[in-house]
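Have a look at the structure below, then the notes.
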Amino acid sequence: MANTFEVAVFAGDGIGPEITAPTVEILRRMADASDAYSLTFTDAAAGAAHYAKTGESLPESSMVAAKRADAILLSAMGLPDVRYPDGTEISPQIDLRKALTLFAGVRPVTVKAGQRTPLNMPEGKEIDFVLIRESTEGLFHTQGCGEVTENEARETLLITREISEKLFKFTFELAQSRKKAGRGKGRVTCVDKANVFRAFAFFRDMFDAEAAKHPELTADHAYVDATALWMVQKPWDFDVMVTENMFGDILSDLGAGLMGGLGLAPSADIGLENAVFQPCHGSAPDIAGQGVANPMAMILSAAMMLDWLGINNDNAGMIADGKRLREAVEDVVAEGRVLTRDLGGSAGTAEAASAVLDALFVS
């Protein structure tokens, strides 16, 4: 009998529900066609719209559902005109990261041959790297609690051994699995600013200690400013990069730009026991309800979820379906016939999602 996995689904704000519905439908279709696993879905309320109605951005019942679930699928969250009294944004996704200690933010960047990209790509080159962003501390440590006076403002950057050692272990294991699967060179790059900040020298020392345990992999370092330059000049050289929270926040958007926009940028925030999978983009309330939102980042995040569940539960069928779903999206985008308007096309949300379904079950 196939294993059953529960997925907590946060539909989110703005375009969130519009991209969540077709993604869940694709997952249902794939699970129904598989004899290796089945999926159940539990809706969980959260977000800015929920806060505006109830005064709660992440109800306790939703946190309970998230902790109980085998995986969390979370859509775009937040609305620009709905904020906490101190002016900060409604960000349940960050609350989940901290509450569940989801220290590894996984941001894959993939550009296949023939795919539109702002870069002038040399013939035969493809981009396939992963940026790992520490997701619970760094310069986000004092989020909403920084010190502000009339003449000064201070925020605290925190890097701890407890989190960093887990982060680097995760990073090297990911590089190892990518190399084994033929997707990566077995290279891990620590992105920091160790020439200026003692905190990043500390960060780098812990990276080097983990690197010494993996002689089969290549480990190196790069300053964050140089990395931004090289991500534009030669992104095909990277394999796995790991960095601090704020640096990762910035570089992951640059990675999305290489792919053509945030509409193609999936993500995962992973801890020792829980994981959240969500698109990198915002809730885009200006186009909500029009049926034109790009669902691809959400669908790619779902593919990452299948892969993670498969690896954690030794389920080859889920791993295969995660790969199949990712490649279906990549093929649709690279072919270029069915693109949403943010990618230069005219397809709506439903048409784009249907093209992925066709790639999965018709081609």
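Readers should treat all values here as calculations from the given coordinates under stated rules, not as data from a laboratory. Since the model is a prediction, treat every value here as computed from it, not as a measurement. For neighbour counting, all protein chains shown are included, and Cβ atoms are generated from backbone atoms with ideal geometry for every residue, glycine included.
Sequentially through region 8-21, phi angles give Karplus couplings (6.51, -1.76, 1.60; θ = phi - 60°) of 7, 10, 9, 6, x, 10, x, 6, x, x, 5, 8, 6, 4 Hz, Gly and Pro residues having no value and appearing as x.
Who wins for biggest fluctuation among Ala36, Ala352, Ala297 in a Gaussian network model of the chain, springs between alpha carbons below 10 Å? Judging by the Gaussian network model, the answer is Ala36. For q = 0.15, 0.31 Å⁻¹, what log10 I(q)/I(0) does region 212-265 give under the Debye formula with an equal point scatterer on each alpha carbon and no solvent? These q points yield log10 I(q)/I(0) values of -0.48, -1.36.
For region 194-209, the Karplus equation 6.51 cos²θ - 1.76 cosθ + 1.60, evaluated at θ = phi - 60°, returns couplings of 5, 7, 10, 10, 4, 4, 7, 5, 4, 4, 5, 4, 5, 4, 4, 5 Hz by residue, with Gly and Pro reported as x. Only helical runs count toward this figure. For the chain, summing -39,500 (n - 2.57) over DSSP H runs of n ≥ 4 and dividing by all residues gives -13000 deg cm²/dmol at 222 nm. Coordinate range of the alpha-carbon atoms in region 177-293 per principal axis, descending: 52, 35, 33 Å. Between Phe5 and Ser38, Leu39, Thr40, the built amide H atoms are under 5 Å apart, and every one of these is 5 or more places off in sequence or on another chain. Taking a straight line from the alpha carbon of Lys169, these lysines sit under 30 Å away, with near neighbours fewer than eight places off in the same chain left out: Lys67, Lys98, Lys112, Lys125, Lys179, Lys180, Lys185, Lys193, Lys213, Lys234, Lys323. Using DSSP, restrict attention to beta bridges with both residues in the chain and report what percent are antiparallel, rounded to the nearest 5. Of the beta bridges lying entirely in the chain, close to 45 percent run antiparallel. Ordering Ala113, His214, Ala153 by Cα displacement along the dipole of region 106-259 toward the positive end leaves Ala113 in first place; charges were set at the Cβ atoms of Lys, Arg (+1) and Asp, Glu (-1). Both the radius of gyration and Dmax for region 1-69 are 13.9, 44 Å, in that order, over alpha-carbon atoms. If only the Cβ of Lys and Arg carry +1 and only the Cβ of Asp and Glu carry -1, the dipole of region 106-259 around its Cα centre is close to 780 debye. Computed from the alpha carbon positions, the gyration tensor of region 248-321 leads to an equivalent ellipsoid with semi-axes of 25, 15, 11 Å, biggest first.
Between the amide H of Thr218 and those of Arg187, Val188, distances stay under 5 Å, these residues lying 5 or more places away or on another chain, with hydrogens modeled in the peptide plane. The magnitude of the dipole of the chain, with charges of +1 and -1 set on the Cβ of Lys/Arg and Asp/Glu and taken from the Cα centre, is near 760 debye. The GNM of the chain, with springs linking C-alpha atoms under 10 angstrom apart, assigns the highest mean-square fluctuation among Arg183, Arg28, Arg204 to Arg183. Qualifying trypsin sites (Lys or Arg not before Pro) in region 275-363, where qualification requires a DSSP coil assignment and no more than 12 other C-beta atoms within 10 Å, comprise Arg337. Projected label points at Glu60 and Asp314, each 7 Å from Cα along the beta carbon direction, are separated by 3.8 nanometres. Solvent-free Debye calculation, one equal scatterer per alpha-carbon of the chain: log10 I(q)/I(0) at 0.07 Å⁻¹ equals -0.29. Listed by chain and number, the aspartates and glutamates whose alpha-carbon sits under 15 Å from that of Lys53, ignoring those within fewer than 8 places in the same chain, are Asp13, Asp81. Using a cutoff of 8 angstrom between alpha carbon atoms and counting only pairs six or more residues apart, the relative contact order for region 106-259 works out to 34 percent. Across region 1-119, counting alpha-carbon atoms alone, Rg and Dmax equal 16.6, 51 Å. For the chain, set up a Gaussian network in which alpha carbons nearer than 10 Å are linked by springs, and say which option among Gly257, Gly124, Gly14 fluctuates the most. Top of the fluctuation ranking is Gly124. Computed from the alpha carbon atoms alone, the convex hull of region 106-259 holds 124 Å³ per residue.
Look at where the Cα atoms of region 266-295 and of region 15-32 average out, and the two centres are 12 Å apart. The charge dipole of region 269-363, taken about its Cα centre with unit charges on the Cβ of Lys, Arg, Asp and Glu (plus for the first two, minus for the last two), comes to roughly 160 debye.
Residue-wise HN-Hα couplings along region 79-93, as the Karplus relation 6.51 cos²θ - 1.76 cosθ + 1.60 with θ = phi - 60° gives them from phi, are 9, x, 9, 10, 9, 5, x, 7, x, 7, 6, 7, 9, x, 4 Hz; Gly and Pro carry x.
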